[in-house]
Amino acid sequence: MLLLCTALSLSAAAQEKQPTSITQSDFEMILQKTVGQSVAIQMADGLLLQGTVISNEVKYECLQVCIVRSIEEPTMLLHISKRFDKDHATVYSGKLMTEQTVHFFSASAEGRVSLQSKPHTEVLQDCSLH
């Protein structure tokens, strides 16, 4: 899992969209899982994320959200969503959140999935009281 974080963090340095091994079929496979089921998804060449579904909910009839927690690194969460746009086309997106970085996945109309990474501090607000 450390290798996965390192590999994804290397692409984060560029702060630009990068290709990934995840496909829309992978998104759909994850969204079909129920809470407690295991998931194994190829994140990049030779990098496999293994986890357990901790939440899978359909909201507002046009949004489904699934969250997977890594087995090897419990603080790593994969968040996948499927929604329908105004033209009723399916739109997939996701985030892989680690303690240092948030990796955003987005799918193009052609079905290609790209990855854009940002440091954790740019995405999540510090909620500590000073």
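Structure data summary
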| item | result |
| --- | --- |
| Ranking of 22, 54, 71 by count of other Cβ atoms within 10 Å, fewest first | 54, 71, 22 |
| Loop-located chymotrypsin sites (Phe, Trp or Tyr not before Pro) in the range 57-120 whose Cβ has at most 12 other Cβ within 10 Å (DSSP) | 60 |
| 38, 114 arranged by Cβ crowding within 10 Å, fewest neighbours leading | 38, 114 |
| Links that overshoot a 18 Å alpha carbon limit, given the list 82/118; 33/82; 59/86; 59/118 | 82/118; 59/118 |
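No lab work stands behind these numbers, since they all come straight from the coordinates. Please read all numbers here as calculations on a predicted model, not as lab measurements. With ideal geometry, Cβ positions are generated from the backbone for all residues, glycine too; neighbour counts draw on all protein chains shown.
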